[in-house]
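Single-structure report; data block below.
The values are calculated or read from the model by the stated rules, or taken from the named source; none is laboratory data. Everything quoted here is computed from the prediction, not taken from an experiment. In this analysis, Cβ positions are derived from the backbone assuming ideal geometry, glycine residues included, and neighbour counts consider all displayed protein chains. Areas reflect the complete protein model, heavy atoms only, side chains present, ligands, DNA and RNA absent. Shrake-Rupley method; radii C 1.70, N 1.55, O 1.52, S 1.80 Å.
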Amino acid sequence: MSVAAALSREEPAAPSQQSLSALGWLNFFLAGMQTAFGPIVAAYLVVQEWTAKDIGFVLSIGSFAGLLSQVPGGELLDAVRAKRLVVAIGVLTVALSALMFRLWPTFPVVAVAEALQGLTGGILGPGVVAITLGLVGHAKLAEQLGQNQRFAAAGGIVVTVTMALIAYADSPWAMFVPVALAVPVLVALHQIRREEIDFRRASGAESPRADHPQRAGRHIALLHNRRLLIFAACVALFHFANASMLPLASGMLAHEGKRQAAPLIAALIVVPQLIVALFAPWVGQRAEQRGRKPLLLVGFAALPIRAMLFALTSNPLAMVAIQVLDGITGAVLGVMTPLIIADVTKGTGRFNLAQGLLGTMMGVGASLSPALSGLIVYHYGLTAGFVSLAVEGLAALATVAIFLPETK
């Protein structure tokens, strides 16, 4: 074999502009689809005169299914070459779930729909990241993740505003929005050229010459990866502190009973997305130039600061301004989380399995957060609730600062 041929196999050609453009729009419409499904479920079931107990139960089914899907989803993405097909199946599943909600809003059907939608959590987001890594490789992953986050945030903003208008108009078409968005998602996915998604790169494999990625042993190998375990503890602590922040802030605004509560709550969601859309590409570029840890410290530090500021004020406009910090955190962690996973699993062929393990840790932290913060708020009030989140955020920040090494 000639040297040129060997090099061409080791360094697959850069992806075409068509594939990169389609990847951007895939992130835009997929984020919009997921945004459309999430917030409207509870509101739609309230309109259908469901009890709070039943609503909480079916939502818990979806969360539990999402948690269970993370590791198997990662295993699947590492093993399957047709990653576009896996993502497409997930998209169709979400659309089907939305149709089931709209057409048959009975408890058994809604419970199944929530379970189906939850199961896509282990393949949709991780699948897009795997496709990204397969297209651009590790060297250019940071910058491309920044672009992915920009498109995803923009899609979330557009759909959040659209859903607010639909709710204001009291339209019955809300549950059809995720179904409609499935079409442009699938079109964008199809426009990504299959032959440009390198199977070996997409799973973090070591040797480009092997027909199959040279995988480390299954779960046990990742459990011996010290940097991965430290980072998993960091993100679990982070989500343990962060998951309750927006619900507590929204509850504070709703408790005020002001007429502007609804638009202000929407602003709490939109403002961080705007910051992510503006700064995520810069985060990706900076991470490649200066390393991961300095930016990660900034992202983690913004969380306890935001919690303490929420504890000190109930002014609605001030609360919206404070959410800029959430945008900084979102821009940093949206890029850094898959990037650091790629760093610490490079050469193992287990990148997607590691994504699944981290997703599980995030889910565990996020699911435990509301219970603890709810107890604290119930006994000691909202201010104490925010202070407790700040303490948890400081613990996450300290773990990053002391134990997590630079991974670049």
*Within the range 105-138, how many residues turn out to be modelled with pLDDT under 90 and either within 15 Å of VAL80 (Cβ to Cβ) or touching an Asp or Glu at 6+ places or on another chain (Cβ under 6 Å) (or both)?*
0
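Results for (1) more than 16 Å from the chain's Cα centre (by Cα); (2) within 26 Å of THR407 (Cα to Cα), shown as yes or no for each residue.
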| position | (1), (2) |
| --- | --- |
| LEU77 | yes, yes |
| ARG84 | yes, no |
| SER97 | yes, no |
| PHE101 | yes, no |
| TRP104 | yes, no |
| VAL109 | yes, no |
| GLY121 | no, no |
| LYS140 | yes, yes |
| ALA154 | no, no |
*Among the numbered conditions (1) in contact (Cβ under 8 Å) with a residue 12 or more places away in the chain; (2) touching a Pro at 6+ places or on another chain (Cβ under 9 Å); (3) open to solvent by 10 Å² or more (accessible area, probe 1.4 Å), tell me where SER314 comes up short.*
(2)
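Quick grid of which residues meet (1) open to solvent by 30 Å² or more (accessible area, probe 1.4 Å); (2) among the basic types (Lys, Arg); (3) under 27 Å from ILE55 (Cβ atoms):
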| position | (1), (2), (3) |
| --- | --- |
| ALA98 | no, no, yes |
| TRP104 | yes, no, yes |
| VAL110 | no, no, yes |
| LEU124 | no, no, yes |
| GLY127 | no, no, no |
| GLU143 | yes, no, no |
| VAL159 | no, no, yes |
| MET163 | no, no, yes |
*List pairs: first in the range 274-298 and more than 14 Å from GLY334 (Cβ to Cβ), second open to solvent by 30 Å² or more (accessible area, probe 1.4 Å) and outside any helix (DSSP H, G or I), Cβ under 7 Å, 6+ apart or cross-chain?*
GLY291/GLU406; GLY291/LYS408; LYS293/GLU406
*In the set ALA262, ALA301, ALA243, which member is surrounded by fewer than 22 Cβ atoms within 10 Å (Cβ to Cβ), closer than 19 Å to VAL391 by Cα and modelled with pLDDT under 90?*
ALA243
*Picking from GLY393, GLY356, which residue would you name as being under 16 Å from the mean Cα position of the chain (by Cα) and touching a residue at least 24 places away in the same chain (Cβ under 8 Å)?*
GLY356
